[in-house]
1. If you take every DSSP beta bridge fully contained in the chain, what fraction is antiparallel? Give it as a percent rounded to 5.
2. Treating only the Cβ of Lys, Arg, Asp and Glu as charged (+1, +1, -1, -1), what charge dipole size does the chain show about its Cα centre? Round to the nearest 20 debye.
3. Could you bin all the Cα-Cα distances of the stretch 4-219 into 5 Å bins starting at 0 and give me the percent of pairs in each, rounded to whole numbers?
4. Is the C-alpha gyration tensor of the stretch 156-196 telling us rounded, prolate or oblate? Criteria: a/c under 1.5 is rounded; beyond that, a/b larger than b/c is prolate, otherwise oblate.
5. Counting only other residues whose beta carbon sits under 14 Å from that of GLU209, what net charge do I get with K and R as +1, D and E as -1?
6. Taking the chain as the reference, fit the longest principal axis to its C-alpha atoms, fit the long axis of helix 168-184 to the helix C-alpha atoms, and give the angle between the two in degrees, 0 to 90, nearest 10.
7. Taking every pair of Cα atoms in the chain, average 1/r, invert it to obtain the Kirkwood radius, and report Rg/Rh to two decimals.
8. Projected onto the charge dipole of the chain (+1 at Lys/Arg Cβ, -1 at Asp/Glu Cβ, origin at the Cα centre), which of SER386, SER234, SER181 gives the Cα projection farthest towards the positive end?
Amino acid sequence: MRPVSEQLEILLRGVTEIVPRDELEKKLQHSYETNTPLRVKLGVDPTAPDVHFGHTVVMRKLRQFQDLGHIVVLIVGDYTAMIGDPSGRNKMRPRLSHKQVLENAKEYQEQFFKVVRRDRVEIRYNGEWFSELPFNKVTELMGQFTVAQMLEREDFQNRYAAHQPISLHEFMYPMMQGYDSVEIRADIEIGGMDQKFNVLRGRDLQIYENMEPQVGLFMPILLGTDGKIKMSKSIGNYVGVNEVPDVMYHKIYNLADNIIENWFELLTDIPLSEVREIGEKIRSGALNPNEAKHRLAMTLVTQYYGEEAALKAAETERAVHAGNAVPGDAAEVEIAPGEYGVLDLLVTLNVFKSKGEARRMIQNGGVKWNAEKWADPALSVTLSSSENHLVQVGKRSFTKVFVK
């Protein structure tokens with residue numbers, strides 16, 4: 001293991017808050033002196049199988065702990081996911097079946113291991129203990145928290161003020177996440193700032209159980225590609241770790257300028273001094289933001305796919321922009337043979353939501369069919385079996401059409 005000062009220099013990068021800071025240093029020092037790895041906890045509820053760059057901010061911190069000799073304990077919340085974390089929610093999450101959660105967990109883990117080392121991970125499902133926890137123990141644990149504490153949370157507070165329902169089972173979630181820390185004897189728990197309330201409940205329950213309490217290490221919430229709000233697949237401002245290389249490159253290259261420096265800091269290993277220099281040069285006008293985004297895209301695609309794939313992705317981006325290639329995220333749609341008016345066809349293919357929208361785009365010269373621009377919204381086309389066609393809208397929206 002490295003000396004504590006060296007570990008801290010690595011581990012504090014990008015961190016928003018540590019609760020409490022002095023205990024982290026003490027734990028690292030004891031670990032160093034006894035050559036005993038710390039147990040670093042991350043709890044995940046696989047309510048969905050997809051992992052995006054926002055999730056990897058925490059995962060990359062786990063990887064740093066691993067590389068410094070510590071052990072990651074991944075808690076797969078097969079029981080907590082059936083409740084759903086209420087953090088930041090303005091309404092109750094829909095409940096998932098245990099089967100759905102387990103299916104999501106398999107795919108989540110494969111993406112998780114694109115960032116975190118398999119050889120230094122202990123995977124635990126919290127159903128191991130919650131499926132056998134007697135009811136008198138549940139009530140004992142719930143007795144460590146008050147309704148007032150719960151209503152201090154902004155999400156519950158807002159819902160209560162708006163007369164939106166708060167189910168009692170949602171109050172159980174922080175207790176359950178906290179009890180996970182008791183069961184696995186966590187030294188450190190990592191999470192986003194939206195997890196602070198839940199992580200500190202782990203400290204409370206460890207103290208109640210006469211254990212040395214864990215340290216909470218909190219990472220910032222990554223803004224999405226729009227540079228405005230939290231990365232989210234439902235909003236569409238995300239980059240998934242399973243994106244094909246050219247799509248990943250494209251999304252990063254089109255990142256909002258105001259978050260370039262932040263993404264370099266949280267998603268790469270480029271030295272902070274160099275990251276700060278990049279930011280200063282962009283602000284002063286000495287560096288074109290597109291040059292910085294190209295470097296960022298190359299760095300991140302290389303992390304997941306290797307340098308050769310990154311170079312090819314950059315080449316594909318240029319070719320797509322020039323109209324000489326189709327991007328890897330082009331939609332694929334099957335359609336029956338027959339004669340179609342072009343407006344009906346475009347709506348059927350889900351290229352546009354309405355015929356009015358399709359008409360306006362055709363009139364503005366924005367729709368191509370097999371590289372030929374459509375100029376007349378009144379056109380009809382005849383599709384025969386086994387034909388393949390390509391619809392292009394604007395510079396980068398493509399749909400592959402297969403006539404079956």
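1. 45 percent
2. Working: 49 positive and 56 negative charges, 170 e Å.
About 820 debye.
3. Over the stretch 4-219, the share of Cα pairs per 5 Å bin runs 1, 7, 15, 19, 21, 17, 12, 6, 2, 1, 0 percent.
4. oblate
5. Values: positive: LYS137, ARG185, ARG201, ARG203; negative: GLU140, ASP180, GLU183, ASP204, GLU212.
My count for the surroundings of GLU209 gives -1.
6. Between the helix axis and the principal axis of the chain, the angle is about 70 degrees.
7. On the way: Rg = 25.1 Å, Rh = 24.1 Å.
Rg/Rh for the chain comes to 1.04.
8. Comparing the listed Cα positions along the dipole, SER386 ranks first.
Only the coordinates and a few stated rules stand behind these numbers; no lab work does. Values in this document were obtained by computation on a predicted structure and should not be read as measured data. All Cβ positions, even for glycine, are placed from backbone atoms using ideal geometry, and neighbour counts span all protein chains on display.
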